[in-house]
Structures are given as C-alpha cells and as structure tokens.
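The values are calculated or read from the model by the stated rules, or taken from the named source; none is laboratory data. Everything numeric here is computed off the predicted structure, so don't read it as measured data. Cβ coordinates were reconstructed from backbone atoms using ideal geometry, including for glycine residues, and neighbour counts include every protein chain displayed. These accessible areas exclude ligands, DNA and RNA; they are computed on the full protein's heavy atoms, side chains included. Shrake-Rupley method; radii C 1.70, N 1.55, O 1.52, S 1.80 Å.
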Protein chains: 2
Amino acid sequence: MNKKQVTAEHHHFPWDHPRFRSWIAVARACQLMQQTLTRELAHLDIKPPHLDILINLYRFDGITQQELARKLLVGRSNMSMLLPQLEKRGLIKRRGDARDKRVLRLSLTPAGRTLTEEAMEIQTALIEKSLTGSPIEDCMTVAQSMERIIATLLKEDGD
Amino acid sequence: MNKKQVTAEHHHFPWDHPRFRSWIAVARACQLMQQTLTRELAHLDIKPPHLDILINLYRFDGITQQELARKLLVGRSNMSMLLPQLEKRGLIKRRGDARDKRVLRLSLTPAGRTLTEEAMEIQTALIEKSLTGSPIEDCMTVAQSMERIIATLLKEDGD
DNA sequence: ACATCATTGTACAACGATGAACAAAAAGCA
DNA sequence: TGCTTTTTGTTCATCGTTGTACAATGATGT
C-alpha cells in the first residue's frame, strides 16, 4: 500500500509477459535445433529443407508439388527450385499425371528411401536427446499448445 | 501372443514417437508465427530479424555487434549486413568505443525507439492472441521444456 | 462450343543467412 | 620490447525463400 506496488503492478515491457517470454524460448529453441540438425546432416549432403521434403515423400507417395508445398508451409516456387536438385541426385522421381497434365507426382527412388531412413534416424536421435529432460506428459502439453497456435494462425490466414 | 502383437509393438516410423510429433508441431508453429509476424510488420517496413535486433538494442543499450549476434544465435557477418541498413534509416547509431577501437557500440535513436515500441506492440498482440487458448501454466511448461532444449544444444555446441 | 476463371508448375529478381577469407586492434607471452 | 594468438568487424560467393509474372491445363458457366 505504498510506492513499491506502484512500480510492481505495471508491465510495460513485453519481456515481462509470461506468454512473450515463453514464445521467445520456443523461437530460440527452434533456431538452435535447426542449426544443430544442419550440422548433423552435413555428411549426408542434405539440409533440413531437403529432409522435410524427403520425409513427406516417404509418408505420402505420389503427392503433387502443390500439396507438398502446402504441407511444408512454403511457396510453390520453393519446390520448383529444390525438387529438380533432388531429382538430379537420383533421390526422387517426378512423372506427370495422365488425368491432369498440369501436375507432377512425386515419389522416392530406392536410393532416396535409403537416404531418408538414415536422415530420419539422425533427426529422431537429436530430438530424443534434446527432449529427454522433459517428461512425456510435458511434451504432450507442448504439442497441444503448438497445435492450438497452428489452428489459430491458419484460421485467419485462409479467410 | 500371436501375430497382432508382432506388428503393433514395432515403432518403425519417427512420426509414431510422441516426442517427434511434438517437435514437428513446434517447428510448424514457429514457421507460421514468423510468416504471420512478417505480414503484420509489413506496414512498418521491417521484418522479424530487424525487430529482433531492435528489441535487443532497446533492452541492452550500448551492446556490441558481437554480443548482439550471440544473443540472436546468428553469425557476425549477418549483423554486418543488417545494421548498416538500420543505420541508414536513422533507427540506430553505431559509434566506436574509445578503449577498444575494434568494437562498435550500438544504440537506438529516438526514431528507432518509437518504431521499436510500435513493433513490439504488434508482436505482443500476436503472441497473446495465438496463446490465449493455452493457460498460463501450460505456457510455463512450454517455456521450461524449451529452455532445457536450449541448454542441451548449447552445451554440446561450445565444447 | 466458347469465353472466363482457377489451378499447377516454372522463371526471375530480390533479400536474408551462412561460412570462409581478410584487415585491424587487442591480449598473452617470451 | 617484439612475436604470436585471439577477437571484432567487413567483404564476398553461395544458397534457401519469397513474391510476382507467366504459360499450360483444367473447370465452370452461358
């Protein structure tokens, strides 16, 4: 009931808000994870963006470039730049669809599948190592929060 | 004790691991948040990387480029590319240190301070809006998990 | 059938981020 | 003092990402 409270009850700065601090931590962790993954994938001569592509081709064989770009939250032009590289390296195959001559359907070659499995091994190991300090239920809480964020941001995006 | 269990007890795929799925959600949320923030900052003619710089100059007046780069987890060369732009726009000031003639000490101009406050308002609003679905205690859990990840990844980085 | 609009992939210029090589200044050490 | 090593910032070539403009194909409506 004196001066102390007056200064304590004001939250002028963003970094005093718990949600703000929380998000900054998320962003930095993400950045660090990307950098570390980049280093650990170096000897396979691929980078996180390539791995994202390969994993999705592994899961969804025959997907189109458009669908792939939407899953990865990147532009179509991005795929047009990266996919020919992977194709030249013999990791993926692109063949036109008979019914819709606009689309190119994507799939992994045997070499691509092998490389993807090696890379996923590395990524999984890195994630497990980084998250061993957090109990599974905390990971579930994190996942739920993140899914809510994704839903919120996607909703106002496609209006 | 028959065939069913044999296939069920194997977790071949990364996306079956809860920690893996959890991290994928983190990465996608981060990506989306960045894109949304980029759009909402557009009318101020700055992008998330610039805002990161400005906020740190707001908090830590007189910081050097090296210290700034370390806080942002980017290379020194990155700062050498971005800071001259902000200086030409009259948002920051760079002046040499008398005692150590190598370093440049950074500070915001009045115009830079004003712009930073506007931009922080936007970012804070976006974060609050995206996280309103998550109770504060969940945010704290998220923050703790992320700080652990950061600590883990930084530890093996600076060895 | 025809015109119009939407969708899919590409080409290109602009920009941010990186790592390596470099110059200048400081720090450590003989 | 003089020599080496470390630190700080810059420059440059390279690469991923974006947005825009474009061509080809498909879908829609009259």
message = Being farther than 26 Å from residue B:12 by Cα, out of contact with any Phe, Trp or Tyr (no Cβ under 9 Å at 6 or more places or on another chain) and open to solvent by 80 Å² or more (accessible area, probe 1.4 Å) is the requirement here; does residue A:95 meet it?
response = yes
query = Consider residue A:73 against the criteria (1) within 12 Å of chain B (Cβ to nearest Cβ); (2) surrounded by fewer than 12 Cβ atoms within 10 Å (Cβ to Cβ): it satisfies all of them except one. Which criterion is unmet?
reply = (2)
query = What helices (runs of 4 or more DSSP H) lie completely within segment A:29-109 and have 2 or more residues being within 11 Å of DNA strand C (Cβ to nearest atom) and in contact with a helix residue (DSSP H, G or I) (Cβ under 8 Å, 6 or more places away or on another chain)?
reply = A:65-72, A:76-88
key: Pairs with Cβ under 7 Å, 6+ apart, first in segment B:26-40 and at the interface with another protein chain (Cβ under 7 Å from one of its Cβ atoms) and under 24 Å from residue B:141 (Cα atoms), second in a helix (DSSP H, G or I) and of a type outside the set (A, V, I, L, M, F, W, C)   = B:33/B:130
inquiry  = Out of the residues in segment B:98-124 meeting the condition of being open to solvent by 40 Å² or more (accessible area, probe 1.4 Å) and of a type in the set (A, V, I, L, M), tell me which one is farthest from residue A:23 (Cα to Cα).
reply    = B:98
ask   = If you take the residues in segment B:43-70 that are open to solvent by less than 70 Å² (accessible area, probe 1.4 Å) and within 9 Å of DNA strand D (Cβ to nearest atom), which one is nearest to residue B:108 (Cα to Cα)?
value = B:63
